[in-house]
Amino acid sequence: MQKLQITDSILIQMKIKNFALTAALVLAGTAFFQQTATAQTPVVYTDGDLFMGFRSSTATNDYLWDIGQFSQFTNLAAGTHLALGNISADLTTVFGVNWASNNNIQWGSAGTHDFDSSGNQIVNLYATKAEPTLGTLASPWLRQSTSNQGFTSSRIETLAFFGFFGNTSTANNPNAIIQPTLGTSWASFQPGGANTTGGTSFDTWNPTVEAPGNVPFGTGIPTTRLDLFEILPDNGGLNPPSTYLGTFSIDSLGNVSFDTLPIPEPSTYALLIAGGLLALFVARRQRKSNINA
Amino acid sequence: MKLIRTLTLGALALGCLSVAQAQTPIRITGSTAFRGTALTSILNIFDPSPAVQYGYTGTTYTSSKAAIFLGNIGGNSVKLKTSWSGSEGGIQTVSGQITVKFLPDGVAVSTGGTSGLPDPTVAGNANSPEVPDIAFSDTFQSSSAFSGTFFGVNYPALNSSVTTTGTTNQIIGIVQFKWIAGRSIPANFTNMTSQLARNLYSIGSAGVALWTGSTDHATKVFAIGRDIDSGTRLTSFAETGLGAKAVVKQFEPKTGGVRVTTAGGTISTLTLWPLEFVNGIVEPPGNGGYSSGGQLAAAVNNFPPANSLLVGYSGTGDADPQITNNASTGATELSYNGVTLGKPENPDLISEGAYTFWGYEHLYYRDSTPSDVATVADTLALRILNTDAPAPKFAAMQVSRNTDGAVVIQKY
């Protein structure tokens, strides 16, 4: 079997990308970029990268963006704000200038971390879910067995290597492509797409990792938010809930950000309950003393 | 007068030289699953006189990895070379005009065929990198990754404006596939379903209970497969609903730290196929596989490690030599969705639509292929279509499908 010279070049690109990503994380805590015209280069994918996809029921192309490693979204303190970049120019190219108010557009994010640093298969999954109403946390996706999650990982890797890797980036975002909705595109793995069955995302998430869940709906994606969950395999057969990591949002100017919203800890719940009980106790005492008086 | 005679003789000599030099080079690559039929047919299209001289790698002509032929086709002198890279590799290298390693000029040939030539695709062996002209493919180019732009390279449509008169979409026959299981399988391990294939190849291994209904959760079945240059792989994944371009998990059988490529031994380890690059295309860990159907079928025909069983997919030509249907002595043919193709194959099961693990064999070349090469390609295509293709022939099919893995529908 032939091995072409491109092999080394791709490997170097992968290494450069890893280095660049590490540097970006160290310097800024996130991979923010400004949408300015740059050289269009072949995009690369590294295990553990998360994709963010945008599609419209009325468009022939979708927009697929490799937003970087999962690790930038994990173990963040509550209240952390990450600015991921501005994609207005690309969304305008794909969906038109009124993309922000177009109620046929859906967006979502998913990824797989297939192997640990030792090469062991771990199949950690990452997927978003639309908030039912802004500010209300989506119910978490459930964790599945290693085998089950491996099935999903295979689907995401098919998108990564046959739908994304090696394609030419947009002029505005070195890690994103505009692709026909057919073949092995982001859209093809979403409900109604050719590479998924039963109206699910990646043959797994029912109904979808996207917001809004159905189109046409609402007044555009800036009025939606996506909660991101880390879905580690669970082989106990109980399918416990996955872990909430934070929330993606996009404003009408095309700025995409990730925020870790404060989720009450169990101890906080305990304090609140204790405080409530104490207040009830005090009120009752006061009422009793008033009656006695 | 003497001068005129000298000039005439000189002109004749130059003419002879130019005839000798006008040997048309033709390079053929592509499907390993169909190479047996292709090689048989290649010999059949050479003129009987002067007798074709040829040489090939390995010991069996019809399963050789590479070969070279010197002779005449339709009265024209031809130097024809074959090097089988897999169907997808064939489409990629013919459309993208990427070199393939062929046998070098000057190797030993004879009228009866000289065997044992060194495989030019093996590192260290003499080879001649040449752009192939013709690709045999088990799949439609439209199903292939090498259609349009892929990894920044443009792969133009083959035979888009120049086609072989007498063929439909360059289809020359039916290529047939089988699921095979390795040694040590239990007696009730007899069938492969689309569902099981999707499960097994998405993950790489699955419990044997899924096949047998037993409560044995300790023994696992491991997926063995081909690399992305393979049309057999594409057909297998398209047919089972996994997706023609699915990224999967396949295992690499090793003995003593060396990849197993022969039959009859004992495999010591099974690990995910390591990351590799095939013709510049990255194959992440687990997604790689054998570059040859023959090696895959042979590898499956081994005793697996404890608590392990092996399953693979293969063209019938590569599978049949390994099949004994006795788990102690060889590989076992699995029925597919409950239908057993058999050994020898029952062509009615395919032509009537009961067995669906098959594809259309195509013969592709570039629109820009020189006319003398295209003429030979057309001759070969029609010879296979009308005479040499194994049963069922394309014309005998009572069912059809619109693309690889598509629903099989009756034609009547």
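Could you go through segment B:150-159 in sequence order and give the Karplus-derived ³J(HN,Hα) for each residue, using 6.51 cos²θ - 1.76 cosθ + 1.60 with θ = phi - 60°, rounded to whole Hz, and x for Gly and Pro?
Running phi through 6.51 cos²θ - 1.76 cosθ + 1.60 with θ = phi - 60° gives 9, 6, x, 10, 8, 10, x, 5, 7, 6 Hz.
Give me the Kirkwood hydrodynamic radius of segment B:113-266 in Å, from all C-alpha pairs, to one decimal place? All intermediate terms of the calculation are to be shown ahead of the outcome.
Numbers: mean 1/r = 0.0524 Å⁻¹.
Its Kirkwood hydrodynamic radius stands at 19.1 Å.
So which chymotrypsin sites (Phe, Trp or Tyr not before Pro) in segment A:140-220 are both in a DSSP loop and have at most 12 other Cβ atoms within 10 Å of their Cβ?
none
Could you work out how much longer the chain between B:ALA123 and B:THR266 gets when fully extended? Use 0.36 nm per residue separation minus the Cα distance between them, nm to one decimal.
Extra length available between B:ALA123 and B:THR266 comes to 48.9 nm.
Report, as a whole number in µm² per second, the diffusion coefficient that Stokes-Einstein gives for the protein assembly as shown at 10 °C and 1.306 mPa s using the Kirkwood radius over alpha carbon pairs. Could the numbers behind the result be given before it?
Values: Rh = 27.9 Å.
Calculated translational D: 57 µm²/s.
Taking θ = phi - 60°, what integer Hz values does the Karplus form 6.51 cos²θ - 1.76 cosθ + 1.60 yield along segment A:74-85, in sequence order, with x for Gly and Pro?
The phi angles translate into 9, 6, 8, 5, 4, x, 6, 10, 10, 8, 8, x Hz.
Rank the residues B:VAL162, A:VAL94 as a footprinting-exposure proxy: fewest other Cβ atoms within 10 Å of their Cβ go first. Intermediate results must be reported in sequence, preceding the final value.
On the way: B:VAL162 15, A:VAL94 20.
Placing the least packed residue first, the sequence is B:VAL162, A:VAL94.
Take B:ARG226, B:ARG401 and order them by how many other Cβ atoms sit within 10 Å, fewest up front.
B:ARG401, B:ARG226
Name the residues whose placed amide hydrogens come within less than 5 Å of the amide hydrogen of B:LEU334, ignoring near sequence neighbours (fewer than 5 apart) on the same chain.
B:TRP179, B:ILE180, B:ALA181
Taking a spot 7 Å from the Cα of B:ASP372 along the direction of its beta carbon, which residues of segment B:80-116 have an amide N less than 15 Å from it?
B:80-81
Return the subset of A:LYS129/B:LYS220; B:LYS79/B:LYS249; B:LYS343/B:LYS393; B:LYS178/B:LYS411; B:LYS101/B:LYS254; B:LYS65/B:LYS343 for which the Cα-Cα distance in this structure is over 29 Å, preserving the input order.
Numbers: A:LYS129/B:LYS220 34 Å; B:LYS79/B:LYS249 41 Å; B:LYS343/B:LYS393 18 Å; B:LYS178/B:LYS411 24 Å; B:LYS101/B:LYS254 26 Å; B:LYS65/B:LYS343 24 Å.
Those over the limit are A:LYS129/B:LYS220; B:LYS79/B:LYS249.
Starting from the Cα-Cα distance between A:ASP259 and A:THR46, subtract it from 0.36 nm times their residue separation and give me the gain in nm to one decimal.
Numbers: separation 213, 0.36 × 213 = 76.68 nm, distance 2.35 nm.
Extra length from A:ASP259 to A:THR46 when fully extended: 74.3 nm.
Mind listing the phi-derived Karplus ³J(HN,Hα) values for segment B:114-131, rounded to whole Hz, using 6.51, -1.76 and 1.60 with θ = phi - 60°, and x for any glycine or proline?
Running phi through 6.51 cos²θ - 1.76 cosθ + 1.60 with θ = phi - 60° gives 9, 8, x, 5, x, 5, x, 8, 8, 4, x, 7, 4, 8, 10, x, 9, 6 Hz.
Grab the Cα-Cα distance for B:THR59 and B:THR379, subtract it from 0.36 nm times how many residues apart they are, and report the gain in nm with one decimal.
On the way: separation 320, 0.36 × 320 = 115.20 nm, distance 2.74 nm.
Extra length available between B:THR59 and B:THR379 comes to 112.5 nm.
Relative contact order of chain B, please, whole-number percent, based on alpha carbon pairs below 8 angstrom and at least 6 residues apart.
Relative contact order for chain B comes out at 20 percent.
May I ask for the Kirkwood hydrodynamic radius of segment B:155-220, worked out over all distinct Cα pairs and given in angstroms to one decimal? The partial results should precede the final answer.
Working: mean 1/r = 0.0639 Å⁻¹.
Mean inverse Cα-Cα distance, inverted, gives 15.6 Å.
Shielding of A:152-163 by partners, i.e. mean partner chain Cβ atoms within 10 Å per residue?
Taking all residues of A:152-163 together, the mean is 6.
Work out the FRET efficiency for B:THR114 and B:THR149 from their Cβ-Cβ distance, taking R0 = 41 Å, and round it to the nearest 0.05.
Given R0 = 41 Å and the Cβ-Cβ separation, E is 0.45.
So, by mean Cβ neighbours within 10 angstrom, what's the order for B:252-258, B:154-160, B:134-140, B:204-210 with the highest one leading?
Packing proxy ranking, top to bottom: B:134-140, B:204-210, B:154-160, B:252-258.
Which residue, chosen from A:GLN179, B:ILE172, A:ILE250, occupies the Cα position most advanced towards the positive end of the dipole of the protein assembly as shown, where the dipole is computed from +1 (Lys, Arg) and -1 (Asp, Glu) charges on Cβ about the Cα centre?
Farthest towards the positive pole: A:ILE250.
For A:SER117 and A:ALA77, what does the FRET efficiency come to when R0 = 35 Å and r is the distance between their Cβ atoms, rounded to the nearest 0.05?
Numbers: r = 24 Å, r/R0 = 0.70.
According to the calculation, E is roughly 0.90.
What helices does chain B have that are whole DSSP H segments, at least 30 Å long along their own axis by Cα, and with mean Kyte-Doolittle hydropathy of 0.5 or more?
Both cut-offs are met by no helix.
Given labels modelled 7 Å from the Cα in the Cβ direction, how far is it in nm from B:THR255 to B:ASN326?
For B:THR255 paired with B:ASN326, the spin-label model returns 1.9 nm.
With a Förster radius of 30 Å, plug the Cβ-Cβ distance of A:ASN239 and A:SER57 into 1/(1 + (r/R0)^6) and report the FRET value to the nearest 0.05.
The calculated FRET efficiency here is 0.40.
Read the figures in this text as sums done on the coordinates, not as results from a lab. Note that the structure is predicted; figures quoted are calculated from it, not measured. Backbone-built Cβ (ideal geometry, glycine too); neighbour counts: all protein chains shown.
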